[in-house]
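Engineer: This structure is in structure tokens; I'll ask about it shortly.
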Amino acid sequence: MSRIFDAYVYGNGPRSGCWWDTTCVLPRPTPISQSGNTDVAIIGGGFTGVSAALHLARAGVGVKVLEAEHIGWGASGRNGGFCCLGGGMEEDASLDKRYGKSGRIAFRRAERAAIELVEQLITEHGIDVDRHSRGETSLAHRAKDLDALRKTAENVAENYGVGHSLHSQVELKALGMAGPFHGGLTIEAGFGLNPRKYIAGLAAAAQKAGAVMHENSAVTRLKPDGQGWQLEVNGHTIRADHVILATNGYSAEDLPPWLAGRYLPSQSNVIVTRPLTQEELVAAGWSTDQMAYDTRNLLHYFRLMPDRRFLFGMRGGVLTGPAAEARATRKIRAAFEGMFPAWRHVEAQHGWSGMVCVARDLMPFAGPVPDHSGLWASLCYHGNGVAMGSYCGALLAELVQGKTPSMSYPDALKGPLRRFELGRWRRAVMPFAYAGLMMADL
């Protein structure tokens, strides 16, 4: 396989300190050990792939999930656990220009429907995900950003059909969200969860429904055979009528070659502290379990979890390797202490990184791969894949069966993905782009 980062990114180094790994046991399916056939082969055992497998199996379709590592190994098992609105990065005005007002609202309602699907799956399958938070709060890190939040609030009802509240700086303190913020906006959609517990429960439900899963089963070759597709895995051949690519930021440039240059992995880092005492919470003025993020382009996202550990994440790493990982850890620690100086003495017992996935047009894609009959893909959730990945997996399950989707399938999801201008060398622009974003955040 050909990938745009070095081998370190695709190994266990970046995720070795992941807090979620200590919280529950995952299903451990066996590796592929013989050739065979299936109706649908799914490459990738994260939210997208497992959701697709569950919905296909419930419809009586034969399905195999082929995961190179273990279920939830990639971004699905190491994200911040924000089940929230999002998936794309385009503003309302840009969506109106590209898809019209109705197209913009259709995509925004799909964002909400994605959250509702996760809620439904959690309830239906009795998955304990340590759920908390009523929606999420965006916090203005500059005074002028509060004006932008006010403008966003004007369209919340039209876009999502949910409640919202604007908060002054004083009101934030009263709500237990003290900090260097000039105000905030709460949108009452979404919740926090333990992503490992969610993917574990989703995988168990898919297996119970009849989906077959295999870990340590990297697909090393994918080729059409006239009536379907052949996948080479562990020296064996799996033949499938349809194939779903669900590898997101851990995709390969040549699996299939169509993917080359059409996605851009970008690093996100997370730390988790030890449990905080009540006195420490009071000292910082942060006592809410509301999930939150700030208005920076290279945003910080954070939440107090049910066990009183504090999760703090940030975007921005552009280099890889052990030394780069250590620098990113120091950077996120400095950002954490800058935002919550009362917790400078609090150790972060866990820290890790993973790859979010960005599209050239800043919108997710879910649908058929152009000019590749029987090949489907879903990726580029821009750091919001808990809900949107689950949703797109369910959507692909219907499309693969030739059904008219029962769920919303807005034009904004249909792509197709455009290539980045520099193709394989697109990473070269990241340091310059990130430097510009950091300057814009000042």
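Engineer: Based only on other Cβ atoms within 10 Å, what is the fewest-to-most ordering of Met89, Met355, Met177, Met407? Don't skip to the end; give the middle numbers.
Structural biologist: On the way: Met89 17, Met355 25, Met177 21, Met407 13.
Arranged by neighbour count, lowest to highest, Met89, Met355, Met177, Met407 become Met407, Met89, Met177, Met355.
Engineer: Using a simple charge model, +1 on the beta-carbon of Lys and Arg, -1 on the beta-carbon of Asp and Glu, nothing else, what dipole does segment 1-141 show about its Cα centre, in debye to the nearest 20?
Structural biologist: Values: 15 positive and 16 negative charges, 56 e Å.
Value, rounded to 20: 260 debye.
Engineer: OK, next. At 0.36 nm per residue, and after removing the present C-alpha to C-alpha distance, how many nm does the segment from Gln349 to Asp289 gain when stretched out fully?
Structural biologist: Computed gain between Gln349 and Asp289 is 19.6 nm.
Engineer: Then there's this: Using unit Cβ charges (K, R positive; D, E negative) and no other charged atoms, how large, in debye to the nearest 20, is the dipole of the chain about its Cα centre? Display every interim value, and only then the final one.
Structural biologist: Details: 46 positive and 42 negative charges, 122 e Å.
So the dipole magnitude of the chain works out to roughly 580 debye.
Engineer: As I understand it, the dipole of the chain uses +1 on the Cβ of Lys and Arg and -1 on the Cβ of Asp and Glu, about the Cα centre. Which of Ala387, Gln349, Phe47 lies farthest toward its positive end?
Structural biologist: Selected residue: Gln349.
Engineer: Excluding residues on the same chain fewer than 8 positions from Lys197, give the lysines whose Cα lies under 27 Å from its Cα.
Structural biologist: Lys64, Lys208
Engineer: Give me the distance between the Cα centres of segment 130-163 and segment 339-365, rounded to whole Å.
Structural biologist: After rounding, the separation between the Cα centres reads 20 Å.
Engineer: Still on this structure, I have one more. Give me Val212, Val400, Val386 sorted ascending by neighbouring Cβ count inside 10 Å, so fewest comes first.
Structural biologist: Details: Val212 19, Val400 24, Val386 29.
So the ranking, lowest neighbour count to highest, is Val212, Val400, Val386.
Engineer: Taking the DSSP beta bridges in the chain as the whole, what percent of them are antiparallel, to the nearest 5? Show your work: numbers first, answer last.
Structural biologist: Numbers: 49 of 70 bridges.
Taking every DSSP beta bridge within the chain, about 70 percent pair in antiparallel fashion.
Engineer: Still on this model: Between Gly190, Met213, Leu139, whose Cα lies farthest towards the positive end of the dipole of segment 101-257 when Lys and Arg beta carbons carry +1 and Asp and Glu beta carbons carry -1, centred on the Cα centre?
Structural biologist: Among Gly190, Met213, Leu139, the one farthest towards the positive end of the dipole of segment 101-257 is Leu139.
Engineer: Can you tally the net charge around Asn37? Count Lys and Arg as +1, Asp and Glu as -1, for every other residue whose Cβ sits under 10 Å from the Cβ of Asn37. Walk me through the numbers on the way to the answer.
Structural biologist: Working: positive: Lys64, Arg239; negative: Asp39, Asp241.
Around Asn37, the charge tally is 0.
Engineer: A further question follows. Between Gly161, Leu375, Tyr10, whose Cα lies farthest towards the positive end of the dipole of the chain when Lys and Arg beta carbons carry +1 and Asp and Glu beta carbons carry -1, centred on the Cα centre?
Structural biologist: After comparing all options, I get Tyr10.
Engineer: Hey, another quick one. Within segment 294-351, which GluC sites (Glu not before Pro) sit in a loop by DSSP and count at most 12 neighbouring Cβ atoms inside 10 Å? Mind dumping the intermediate values first?
Structural biologist: Details: sites: Glu325, Glu337, Glu347; in loops: Glu347.
When the GluC sites (Glu not before Pro) of segment 294-351 are filtered for loop state and at most 12 Cβ neighbours within 10 Å, Glu347 remain.
Engineer: So which GluC sites (Glu not before Pro) in segment 135-216 end up in coil per DSSP with only 14 or fewer other C-beta atoms within 10 Å? The partial results should precede the final answer.
Structural biologist: Values: sites: Glu136, Glu154, Glu158, Glu171, Glu188, Glu215; in loops: Glu188, Glu215.
Those satisfying the criteria are Glu188.
Engineer: Moving on. In nm², what is the average projected area of the convex hull enclosing the Cα atoms of segment 252-407?
Structural biologist: Working: hull surface 46.8 nm².
The Cα convex hull of segment 252-407, projected and averaged over all directions, gives 11.7 nm².
Engineer: May I pose another question? Select from segment 350-425 those trypsin sites (Lys or Arg not before Pro) which occupy a DSSP coil region and have at most 11 other Cβ atoms within 10 Å, ordered by residue number. Working shown, then result.
Structural biologist: Details: sites: Arg360, Lys403, Lys414, Arg418, Arg419, Arg424; in loops: Arg360, Lys403, Lys414, Arg418, Arg419.
Within segment 350-425, the qualifying trypsin sites (Lys or Arg not before Pro) (loop, at most 11 other Cβ atoms within 10 Å) are Lys403.
Engineer: Also, I was wondering about something else. Kirkwood-based Rg over Rh for the chain (C-alpha set), two decimals? Write down the numbers at each step before the final one.
Structural biologist: Working: Rg = 21.0 Å, Rh = 22.0 Å.
Expressed as Rg/Rh, it is 0.95.
Engineer: Please report the relative contact order for segment 208-271, taking Cα pairs under 8 Å with a sequence separation of at least 6, and give it as a percent rounded to a whole number.
Structural biologist: Values: 57 pairs, mean separation 12.4, N = 64.
Relative contact order comes out at 19 percent.
Engineer: Once the Cα gyration tensor of segment 85-227 is diagonalised, what are the square roots of 5 times its eigenvalues, in whole Å and ordered largest first, as equivalent ellipsoid semi-axes? Could you put the intermediate results ahead of the total?
Structural biologist: On the way: eigenvalues 254, 100, 44 Å².
Values for segment 85-227, descending: 36, 22, 15 Å.
Each reported figure results from applying straightforward, stated rules to the coordinates on display, with no laboratory input. What you see is a predicted model, and the numbers here were worked out from it, not measured in a lab. All Cβ positions, glycine included, derive from the backbone under ideal geometry; neighbour counts span all protein chains shown.
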